[in-house]
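Heads up: the structure comes next, in structure tokens.
The values are calculated or read from the model by the stated rules, or taken from the named source; none is laboratory data. All of these numbers come straight from a predicted model, not from anything done at the bench. No Cβ is skipped: glycine too gets one built from the backbone with ideal geometry, and neighbour counts run over all protein chains shown.
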Amino acid sequence: MYKPTAGPWMLGDVNDISPDDQVSEWRVAILADTGEVAAAYNPVYEQAQADARLITAAPELLAACKAVLAVADGDPHLRRRLQGGLEQQLRDAVAKARGNEV
């Protein structure tokens, strides 16, 4: 299985596209050092931008989740503070990012 493209990711070009002269959509490129890794499409410019910002944050969010879980695995006090489903939410998010069914 392939690993995700390493971050950081950043916002790239914004283009107004009109496939087949239909409804216009905004395309926001998401870039890494190796080139484009994804794009967000939406007819609403602000929504395309918001989606693209969330996608660009993915590598850092994954790293933060993994870091918290690594500390929690060795710190019973922190593990108790993650009760109430938060620890499982973090584990599920990491599993999803790795391509595992949650």
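Brief remarks follow.
- Entirely in region 25-102, the helices (runs of 4 or more DSSP H) that have 1 or more residues that are within 17 Å of the chain's Cα centre (by Cα) and either of a type in the set (Gly, Ala, Ser) or closer than 20 Å to Pro4 by Cα (or both): 45-74, 86-97
- Hey, Ala70 exposed (fewer than 12 other Cβ atoms within 10 Å of the Cβ), more than 23 Å from Gly35 (Cβ to Cβ) and of a type in the set (A, V, I, L, M) or not: yes
- Leu62 being within 18 Å of Asp92 (Cα to Cα), surrounded by 17 or more Cβ atoms within 10 Å (Cβ to Cβ) and modelled with pLDDT of 85 or more: yes
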